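J.: Questions regarding the structure given below will be posed in turn.
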Amino acid sequence: MYKTLLTMEFRRNLKSTLIWSIGVSTMIYLIIVLYPMVKDIYAQIPEELMAIMAQFGGVPEDVLEYYATEGAMMLQLFGAIFAALLGFNLISTFEKERLAEVIYTQGIPKKTFYLSKLSLLVIMVLIFTIINALIGYLGFITIDERFSFGDYMWFSLLNGIMYLYTALLGFILALLLDKDIKSMVAIAIPLPLYILAILSTLTDNDWLKALKYVSPFTFSDPVAILKNQDPFEYISFLVFTGLTLVGLVYGYYRYQKRISVS
């Protein structure tokens, strides 16, 4: 029955996942292939303006740095929104259509439903991440620019984990709220976390800087990984992994009490 449920949900969610994947990846592809033109524009910038830009990170020295500052950050934001909506809708839509009440009458343990939905969430995030990475790589090939493939794959991996954690938070949020709540509320997950990660890099306050550790955008920061070559933010990774695991355990408890068949 687990396989049947997984297959059913896979078919229901595949189309929307592909639409999001292709839409976001196409945007990133176009940003990458514009690099040769942007590089020519950088070459014509006056020295005075270059000095000002240096205070904000400077001009990208290669296509991977350009991708980190101009493309990957947008990829993360839109991807995280998709992930949060995906996780939320796996619970919300299933209940709004009253499929839960119908299927639960078949005597299938709720544990099976919970595990099938978590498995589907991982699969859909994996599909989204792979399509992002492949089309991005196609963009680099198109303009025939040399770059570090290892760094690109390392960022893609961490970015995929960030998507997964965000999707799981959306999943957990749906279990905490009433089933009639609109799915757009899930956007309240990635946007504050994204802003928090950015603000923590712009302040000198130690307390505000520490807030970055509760954001998954910290350990998957494209500028830190691809441009600055900073060490892996393992504290952010461990903190968010712990928070997500605790949320999943509590989510399982909530799911057991979520719907009583009438």
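All of the numbers you see were taken from the coordinates with simple rules; none came from a lab. Because the structure is a prediction, the values reported are computed rather than measured. Cβ sites come from the backbone with ideal geometry, for glycine too, and all protein chains shown count toward neighbours.
J.: Using mean Cβ contacts within 10 Å as the protection proxy, how do 152-163, 16-27 order, highest first? List each step's numbers first, then the result.
T.: Values: 152-163: 20.1, 16-27: 16.4.
So the peptides 152-163, 16-27, ranked by packing, come out 152-163, 16-27.
J.: Moving to a separate point now. Treating the angle as unsigned and between 0 and 90°, give the value, to the nearest 10°, between the Cα long axis of helix 149-176 and the longest Cα principal axis of the chain.
T.: Compared with the principal axis, the helix lies near 40 degrees.
J.: Where a ≥ b ≥ c are the square roots of the eigenvalues of the C-alpha gyration tensor, would you call region 148-226 rounded, which needs a/c under 1.5, or, failing that, prolate if a/b is larger than b/c, or oblate? Before the final figure, lay out the partial values.
T.: Numbers: a/c = 3.06, a/b = 1.39, b/c = 2.20.
Oblate, because a/c is 1.5 or more while a/b does not exceed b/c.
J.: What are the semi-axes of the equivalent ellipsoid of region 99-199, taken as the square roots of 5 times the eigenvalues of the Cα gyration tensor, listed largest first and rounded to whole Å?
T.: Details: eigenvalues 237, 69, 23 Å².
Gyration-tensor ellipsoid for region 99-199: 34, 19, 11 Å.
J.: Here's another thing I want to ask about it. If you plug each phi of region 195-202 into the Karplus form 6.51 cos²θ - 1.76 cosθ + 1.60 with θ = phi - 60°, what whole-Hz ³J(HN,Hα) values come out, in order, with x for Gly and Pro?
T.: For region 195-202, the Karplus-derived couplings read 5, 4, 5, 5, 4, 5, 8, 9 Hz, x marking Gly and Pro.
J.: What is the count of Lys pairs in region 2-256 whose alpha carbons sit under 18 Å apart, if the two are 8 or more places apart or on different chains?
T.: Summing the qualifying lysine pairs gives 11.
J.: Still on this structure: With θ taken as phi - 60° and the coefficients 6.51, -1.76 and 1.60, list the Karplus ³J(HN,Hα) couplings across region 242-248 in order, rounded to whole Hz; mark glycine and proline as x.
T.: x, 4, 5, 5, 4, x, 5
J.: Which value in Å does the Kirkwood hydrodynamic radius of region 118-262 take, with 1/r averaged over all unlike C-alpha pairs and then inverted? Please report the intermediate quantities before stating the final value.
T.: Numbers: mean 1/r = 0.0586 Å⁻¹.
For region 118-262, the Kirkwood estimate is 17.1 Å.
J.: List, in order, the whole-Hz ³J(HN,Hα) value for each residue of region 115-125 obtained from phi through the Karplus relation with A = 6.51, B = -1.76, C = 1.60 and θ = phi - 60°; use x for Gly and Pro.
T.: 5, 5, 6, 5, 5, 5, 4, 4, 5, 5, 5
J.: Which order do the peptides 84-90, 4-10 come out in when sorted by mean C-beta neighbours inside 10 angstrom, highest first? Before the final figure, lay out the partial values.
T.: Values: 84-90: 25.0, 4-10: 15.6.
Result, highest mean Cβ count within 10 Å first: 84-90, 4-10.
J.: For Cα pairs less than 8 Å apart in space and 6+ apart in sequence, what is the mean separation divided by the residue count of the chain, i.e. the relative contact order in percent?
T.: Working: 279 pairs, mean separation 74.1, N = 262.
Relative contact order here is 28 percent.
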